[in-house]
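I have placed the structure first, in the form of structure tokens, so that the comments after it can refer back to it.
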Amino acid sequence: MAKPSRPGAGNSKKKGATKGTGGNGRKALEGRGNTPKAEDRAWHVAGKRKAAQERYAAAGGKGRIGQKPQGGSNPNRRVTSSAASNDTETVTGRNSVLEALRTKIPATTMYIAQRVEMDDRVKEMLAIARHREIPVLEVTRQELDRMAGFDGVHQGVALKVPPYEYAHPQDLLEQVIDRGETPLFIALDGITDPRNLGAIIRSTAAFGGHGVILPQRRSASVNSAAWKTSAGAAARVPVALAANLTTMLKEFKKQGVFVLGLDGGGDVSLPALELADRPVVIVVGSEGKGLSRLVTETCDQIVSIPISAATESLNAGIAASVALYQVNTLRAARV
């Protein structure tokens with residue numbers, strides 16, 4: 001069997017009149033021209049960075065993110081948890097209970113263990129409860145153990161609170177803009193352990209983040225375990241619920257927010273991160289599966305955290321903490 005000839009080449013074995021190629025042969029020999037610059041290729045990391053820079057410039061620069069969606073926002077818009085309205089959550093641990101009381105979360109009952117050690121935190125809890133007329137019940141430690149759950153640590157106190165009320169992502173963004181601050185959010189993709197969520201909420205509070213955003217499905221919720229791990233930060237850091245995480249990220253991008261994904265195989269190492277002083281949402285995936293495909297495609301940049309070769313990966317909560325610390329440090333250095 002004769003081998004197929006390359007486009008544009010003549011066939012010396014063919015006799016008689018032949019039909020022309022219409023210039024296709026000449027075009028094949030000429031090639032496709034010069035290779036576009038990296039920044040002109042939309043799929044390239046440099047292209048994504050350029051697009052983000054252009055979005056940021058169009059949004060008006062630092063502290064201003066584009067126009068708000070038509071119809072405005074409702075600052076009181078909230079999304080309650082999926083639990084029934086008459087259900088309650090149990091907050092345990094001295095720091096968590098004290099923070100919940102300080103921030104005036106509408107608690108219904110406070111529980112205190114018999115013969116509990118009366119340190120300054122317990123005394124302040126009792127004073128706040130009396131002032132707000134919250135019933136205080138003295139119970140056995142066994143009863144508190146049951147309320148705290150299998151692996152809960154209550155430290156002799158517990159508080160009954162209504163189901164968590166989630167904010168709306170767009171409201172969070174607009175509130176930060178209205179305060180004249182540069183947004184810094186954490187979005188979670190596939191984080192199902194509430195203790196990881198609690199740790200991330202705590203880190204967000206520690207390193208200047210403005211809120212945590214969760215997808216409505218396949219995600220941990222702000223429950224008693226998250227409250228406990230956050231050490232009370234869940235009372236101060238707003239958590240928003242997105243009906244669809246990918247759609248929400250795209251909306252944020254339209255308003256000048258730079259979307260940063262954390263992944264071990266990232267294009268850029270975290271210490272070399274650019275645009276940290278711009279509006280940013282950091283997306284963290286699960287430790288096992290990482291970021292989902294659609295979320296990865298939506299990110300402007302995928303960033304990796306350099307770690308020792310002896311360590312396979314970082315826990316999602318630790319990875320989020322490192323990223324928040326780095327962004328916070330870079331922002332402080334550029335002020």
Find the Rg to Rh ratio for the stretch 88-161, where Rh is the Kirkwood radius over alpha-carbon pairs and Rg uses the same atoms.
-> 0.92
Compare the peptides 223-236, 205-218 by average per-residue count of other Cβ atoms within 10 angstrom and give them in order, highest first.
-> 223-236, 205-218
With the dipole of the stretch 88-161 defined by +1 on each Lys or Arg Cβ and -1 on each Asp or Glu Cβ, the option from Thr108, His131, Val157 whose Cα lies farthest towards the positive pole is His131
Karplus-derived HN-Hα couplings along the stretch 327-332 (A = 6.51, B = -1.76, C = 1.60, θ = phi - 60°), whole Hz, x at Gly and Pro = 5, 4, 5, 5, 5, 5
For the stretch 88-161, give the share of DSSP beta bridges that are antiparallel, in percent and rounded to the nearest 5; count only bridges with both residues there.
-> 65 percent
Using the beta-carbon distance between Arg121 and Lys254 and R0 = 41 Å, what value does 1/(1 + (r/R0)^6) give for FRET efficiency, to the nearest 0.05?
-> 0.35
Using the structure shown, list the pairs from Lys104/Lys160; Lys104/Lys254; Lys228/Lys250 with a Cα-Cα distance above 24 Å, or answer none.
-> Lys104/Lys254; Lys228/Lys250
Lys, Arg +1 and Asp, Glu -1 on Cβ, resulting dipole of the stretch 103-242 about Cα centre, debye, nearest 20 = 220 debye
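Just so you know, all these numbers are worked out from the coordinates, no wet-lab data involved. All values reported here derive from a predicted model rather than from experimental measurement. Cβ coordinates were reconstructed from backbone atoms using ideal geometry, including for glycine residues, and neighbour counts include every protein chain displayed.
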